[in-house]
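The values are calculated or read from the model by the stated rules, or taken from the named source; none is laboratory data. Note that the coordinates shown come from a computational prediction; the quantities given were computed from them, not determined experimentally. Glycine also receives a Cβ, built like all others from the backbone with ideal geometry; neighbour counts cover every protein chain displayed. Areas reflect the complete protein model, heavy atoms only, side chains present, ligands, DNA and RNA absent. Shrake-Rupley method; radii C 1.70, N 1.55, O 1.52, S 1.80 Å.
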Amino acid sequence: QVQLVESGGGLVQAGGSLRLSCAASGRTFSNYAMGWFRQAPGKEREFVSAIMRSGDGTYYTDSVKGRFTISRRNAKNMVYLQMNSLKPEDTAVYYCAATRRTFLVRSPLEYDYWGQGTQVTVSL
């Protein structure tokens with residue numbers, strides 16, 4: 001089992017920044033690729049970004065490329081999502097997730113463990 005706890009969400013004006021954190025505990029963190037997803041009211045959960053086990057490969061959905069940066073610190077069992085130039089359409093609950101897959105995946109079905117989520121609200 002892997003337990004994931006997100007933090008860092010909040011209310012921010014458009015153009016602002018937030019840094020989400022995800023703390024992992026349980027199994028060996030470096031054995032898992034990590035992903036960030038988000039879900040807006042009335043919408044399906046969508047992929048945002050993912051990072052390889054060692055941190056040397058990343059993947060972003062097109063709508064956040066150039067604005068969001070995913071990173072991880074395996075020594076601290078942490079994964080981060082730096083979000084810059086936020087837009088109202090980024091408003092959602094953000095979830096981190098862990099997968100045992102050895103390659104980067106964007107389908108929620110490929111992820112084995114999930115956090116409870118943290119709310120991000122971007123106002124005009």
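Structure notes:
- Residue tally, condition of a type in the set (S, T, Y), in a loop (DSSP other than H, G, I, E, B) and surrounded by 14 or more Cβ atoms within 10 Å (Cβ to Cβ), over the stretch 92-116: 1
- Contacts under 6 angstrom Cβ, first residue in the stretch 35-55 being in a loop (DSSP other than H, G, I, E, B), partner among the aliphatic types (A, V, I, L, M) and open to solvent by less than 30 Å² (accessible area, probe 1.4 Å), 6 or more apart: A40/A92; M52/A33; R53/A33
- T61 open to solvent by less than 40 Å² (accessible area, probe 1.4 Å), of a type in the set (S, T, N, Q) and in contact with a Gly (Cβ under 7 Å, 6 or more places away or on another chain): no
- R73 meets each of the listed conditions (1) open to solvent by less than 70 Å² (accessible area, probe 1.4 Å); (2) more than 28 Å from S123 (Cα to Cα) apart from (1).
- Scanning the stretch 1-23 for residues that are over 16 Å from R72 (Cα atoms), assigned to a loop (DSSP other than H, G, I, E, B) and open to solvent by 30 Å² or more (accessible area, probe 1.4 Å) yields Q1, G9, A14, G15, S17.
- For the criterion of being more than 18 Å from G115 (Cα to Cα) and open to solvent by 60 Å² or more (accessible area, probe 1.4 Å), D56 passes.
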